[in-house]
Amino acid sequence: MTEPIGTADQPLGLTVYSLPSPSSALAEDTRRTRSGRWKMLLLLAICAAPVVASYFTYYVVRPEGRSVYGQLIDPQRPLPALTATDLQGHPVPLASLKGQWLLLSVASGACDATCEGNLYLQRQLRESLGKDKDRLDWVWLIDDAERVPQKLEPALAHATVLRVPHADLAAWLDPAVGQRLEDHLYVVDPLGHWMMRFPARMDLASAAKARRDLNRLLRASESWDEAGRGP
């Protein structure tokens, strides 16, 4: 059998690609890593910009004579990675509270006079926000195993009540010098950062100043914060 002309004894064609040197490969990896980090930082900055802008508006760009009643916490402290329990004993991650402004109080389940006063102020402050009240949750963090008085249950229908050990709360929240953890109301932003503490043992007159602070925070954040925690 005759082979076609030009097909016999032809060498196989091979294409040889040169490999990059180790130094150039390392430089390329370094460049890609640096580029990825910058992109990640840019993305974080874009996500945080509305929050930063709202705080800047509230604390810096404000009319002369405006006073802030609550104390700003600097640096802000994120919600700890803890699991609380509700009054039925079901586990509730504290991180699930993110997505809403929070007005917190801390007290024993037995709830003394200071506790009752704080719960009343929390409810009144939330109701006083009118159409914006659904952007604020009022939260009672119980720091022991004491039973909640039955007389309080109807008033807590719209509250979030969770049990968290006192030591864990004390590692996150701080009272003012000379005060107890239970003496204050605390404000947490929708990103889960404790960012403000109201003075201890507020009365109705001072609560009006706290309401002004809450109104300003809600107005300053209305461009990025909505009622509810979303899907």
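For the reader, a short list of remarks on this structure follows.
- Meets criteria (closer than 21 Å to Leu97 by Cα, at pLDDT 95 or above and open to solvent by 40 Å² or more (accessible area, probe 1.4 Å)) for His158: no
- Selection from segment 75-108 of residues that are of a type in the set (S, T, N, Q) and buried (at least 18 other Cβ atoms within 10 Å of the Cβ): Gln100, Ser105
- Scope segment 155-165; condition of a type outside the set (A, V, I, L, M) and in contact with a strand residue (DSSP E or B) (Cβ under 8 Å, 6 or more places away or on another chain); matching residues: His158, Thr160, Arg163
- Qualifying residue in segment 144-154 (condition: in contact with a strand residue (DSSP E or B) (Cβ under 8 Å, 6 or more places away or on another chain) and either open to solvent by 60 Å² or more (accessible area, probe 1.4 Å) or at pLDDT below 95 (or both)): yes
- Among the residues of segment 194-210, those that are in contact with a Leu (Cβ under 8 Å, 6 or more places away or on another chain) and at pLDDT 95 or above comprise Trp194, Met195, Met196, Arg197, Phe198, Ala210.
- Residue selected from segment 184-205 under the condition of a type in the set (Gly, Ala, Ser) and closer than 24 Å to Trp172 by Cβ, by the criterion surrounded by the fewest Cβ atoms within 10 Å (Cβ to Cβ): Ala200
- Residue check, Leu72 aliphatic (A, V, I, L, M), open to solvent by 70 Å² or more (accessible area, probe 1.4 Å), in a strand (DSSP E or B) and in contact (Cβ under 8 Å) with a residue 12 or more places away in the chain: yes
The values are calculated or read from the model by the stated rules, or taken from the named source; none is laboratory data. Here the structure is a predicted model, which means the values were calculated and not measured. Positions of Cβ are backbone-derived with ideal geometry, glycine not excepted, and every protein chain shown enters the neighbour counts. Heads up: the accessible areas ignore ligands, DNA and RNA and are worked out on the full protein's heavy atoms, side chains in. Shrake-Rupley method; radii C 1.70, N 1.55, O 1.52, S 1.80 Å.
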